Amino acid sequence: QVQLVESGGGLVQAGGSLRLSCTASGDIFRLNTVGWYRQAPGKQRDMVAHITTSGRTNYADSVKGRFTISRDNAKNTVYLQMNALNAEDTAVYYCRLLTSWGGYWGQGTQVTVSS
């Protein structure tokens, strides 16, 4: 069983930055695509960014140019650097490790952007 633990969320003013981290247990992290998702109150959970095992990245249009996803396979960790935050970025952010059998989710970390 893989566990994903997110950290780095918090309260930030509009225009500010945060860096989220997600660390996985076990030994399959480096073998799979990993991503960040977010869910705002009353809305569905949406993809924010993915990074493949080869380092190829994909972003939601709403965060392109502001967010950067990266991974450190030696540390079993994926990061999300978030810059130029705005109120629309307020959500619970979840880490997801994608596997052929569906994958695993973290418990989420709250990001709140005050305007």
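The values are calculated or read from the model by the stated rules, or taken from the named source; none is laboratory data. Treat the numbers as computed from the prediction; the structure is a model and nothing was measured. Methodologically, a virtual Cβ is constructed for each residue, glycine included, from the backbone with ideal geometry; neighbour enumeration extends over all protein chains shown. Each accessible area value is taken on the protein alone, full model and side chains, heavy atoms only, with ligands, DNA and RNA left out. Shrake-Rupley method; radii C 1.70, N 1.55, O 1.52, S 1.80 Å.
Considering LEU18, LEU80, which residue is hydrophobic (A, V, I, L, M, F, W, C) and within 13 Å of GLN110 (Cα to Cα)? Step through it out loud before you land on a result.
Working: LEU80 fails: within 13 Å of GLN110 (Cα to Cα).
Just one listed residue meets the conditions, LEU18.
Can you run down the residue pairs with Cβ atoms below 8 Å, 6 or more apart or on separate chains, where the first is in region 26-39 and in contact (Cβ under 8 Å) with a residue 12 or more places away in the chain and at positive phi and the partner is in a loop (DSSP other than H, G, I, E, B) and open to solvent by less than 60 Å² (accessible area, probe 1.4 Å)?
GLY26/VAL2; GLY26/ASN76
Find the residue count for region 1-11, including only residues that are part of a loop (DSSP other than H, G, I, E, B) and either closer than 11 Å to ASN76 by Cβ or of a type outside the set (S, T, N, Q) (or both).
Matching residues across region 1-11 total 4.
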